[in-house]
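Contents: one structure, followed by commentary.
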Amino acid sequence: MEIDETLARHIADVQRGLLAVDLDPSRVQALLADIGALVHADAAMGAWLNEGQPWLTTWRAGPQIAAYMAETFAGVDREGNIRTHDPDLDRVNRTRRGLGTGIYHEREFAHRDRIVAARYHREGFGPAGMHHVIGMTARLSVGEAVFAFGYDDGDGLAREEDRIKAVLALLLPAFEQGFQGLDRRSRHRERLEKAMAEADLPARIVAGDAPPPADALLHLPLPELTTGEAPTPYLAVSGPDVEHLAARLAACFDLTERQTATARLLLAGRSTAEIAADLGIRLNTARRHCEAVLDKTGAGQRHRLAVIAARQGRCGPNGCAT
């Protein structure tokens, strides 16, 4: 296939778009349209698994594919394969993911007679205008990313197949890198949000162009979540909720009311003299309360009190989990 300057620029623009791919449906649709024009497709679809749910965008294709996919989606198996209630599509999905990243014509998965008779063609791809399909796929940690291009005329696809595959081959490395990067960002965000939910420090992910929260003590950049040229988002962490942590210590270590108040002030970083003034008690009395809190909790030293509090699970009849 000969590549003139105009075609080379078009391919380079699409490559840049694929490298910066995100979950904005309009941007993915624009990519499908650009590639569809390059390979002279009549319609196209892009599919990916986002946080355990199927995600799909189409270009010039009818709504039947999205409706069919939503109806037949059956989750993910232990090997990371997307499963469906349609046995024919289920076999195609598992076979294609097993083959890995590549460019595949539909005939590599089934004879044309079997494709036409299959439910996925009768209810999804055929009515949506994608009667003959060729596409590229990138294997991900769970499932795969697929850009499929549909043609009304099978003979026309056969005549242009070599050119279509040549164009897709030029785009495949950027397609793979872009979607695998998106996959890594998604998995990183899932782990981060799980850790945030389990932590005792108030934390949230803030967009890179948003003003920093006034109460945040720590701003941790998150380049793993950066998309394209967008400002780098960051993790904003605020100070500990001393009321919550003190109540947890009181419940788990049977602190008295005065010891709980002392623990709250210790967690807030107050000195013994400040604790005495805040509670309206003598310095020696405040010192004894501090010692009692550190002794009962096993913290030993003040700086460890917050760590001890954060490690305590909910207390029940059988004590507290650590």
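Just one of (1) assigned to a helix (DSSP H, G or I); (2) farther than 23 Å from Arg187 by Cα; (3) open to solvent by less than 60 Å² (accessible area, probe 1.4 Å) fails for Gly17. It is (2). The residue list Asp4, Asp22, Asp34 contains one member that is out of contact with any strand residue (DSSP E or B) (no Cβ under 7 Å at 6 or more places or on another chain), at pLDDT 90 or above and of a type in the set (D, E, K, R), which is Asp34. Select from segment 293-307 the residues that are open to solvent by 20 Å² or more (accessible area, probe 1.4 Å) and touching a helix residue (DSSP H, G or I) at 6+ places or on another chain (Cβ under 9 Å) and list them in ascending order. Within segment 293-307, Leu294, Lys296, Gly298, Gly300, Gln301, Arg302, Arg304, Ala306 qualify.
Residues are listed down the side, and each one gets a yes or a no for (1) open to solvent by 30 Å² or more (accessible area, probe 1.4 Å); (2) without any contact (Cβ under 8 Å) to a residue 12 or more places away in the chain:
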| residue | (1), (2) |
| --- | --- |
| Pro211 | yes, yes |
| Leu225 | no, no |
| Leu235 | no, no |
| Ser238 | no, no |
| Asp241 | yes, no |
| Asp254 | yes, no |
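Contact annotation: residue pairs with Cβ atoms under 9 Å, 6 or more positions apart or on different chains, pairing a residue in segment 47-62 that is aromatic (Phe, Trp, Tyr) with a partner that is crowded, with 16+ Cβ neighbours inside 10 Å and assigned to a loop (DSSP other than H, G, I, E, B), are Trp48/Leu140; Trp48/Gly143; Trp59/Ala41.
One line per residue, one yes/no per condition, for (1) at pLDDT below 95; (2) under 24 Å from Val167 (Cα atoms):
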{"site": "Gly75", "(1), (2)": "yes, no"}
{"site": "Phe109", "(1), (2)": "no, yes"}
{"site": "Asp113", "(1), (2)": "no, no"}
{"site": "Ser141", "(1), (2)": "yes, no"}
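Among the residues of segment 213-223, those identified as open to solvent by 40 Å² or more (accessible area, probe 1.4 Å), at pLDDT 70 or above and part of a strand (DSSP E or B) are Leu218, His219, Leu220, Pro221.
Residue-level analysis places Arg184 outside the set of residues that are outside any helix (DSSP H, G or I), modelled with pLDDT under 85 and not aliphatic (A, V, I, L, M). One residue is enough: does segment 173-186 have a residue meeting the conditions surrounded by fewer than 14 Cβ atoms within 10 Å (Cβ to Cβ) and not polar (S, T, N, Q)? No - not one qualifying residue is present in segment 173-186. The lone criterion from (1) under 30 Å from Arg187 (Cα atoms); (2) in contact with a helix residue (DSSP H, G or I) (Cβ under 6 Å, 6 or more places away or on another chain) left unmet by Val242 is number (1). Can you find even one residue in segment 172-182 that is of a type in the set (S, T, N, Q), closer than 23 Å to Gly75 by Cα and in contact (Cβ under 8 Å) with a residue 40 or more places away in the chain? Yes, that holds for at least one residue.
Looking only at segment 256-273, residues that are out of contact with any helix residue (DSSP H, G or I) (no Cβ under 7 Å at 6 or more places or on another chain) and either at positive phi or assigned to a helix (DSSP H, G or I) (or both) come to 2 in all. Just for segment 224-262: of the residues that are at pLDDT below 85 and of a type in the set (D, E, K, R), which one is nearest to Val206 (Cα to Cα)? Per the criteria, the residue is Glu224.
The values are calculated or read from the model by the stated rules, or taken from the named source; none is laboratory data. What you see is a predicted model; the values in this text were computed from it and never measured. All Cβ positions, even for glycine, are placed from backbone atoms using ideal geometry, and neighbour counts span all protein chains on display. When the accessible area is computed, the model is the full protein with side chains, heavy atoms only, and any ligands, DNA or RNA have been set aside. Shrake-Rupley method; radii C 1.70, N 1.55, O 1.52, S 1.80 Å.
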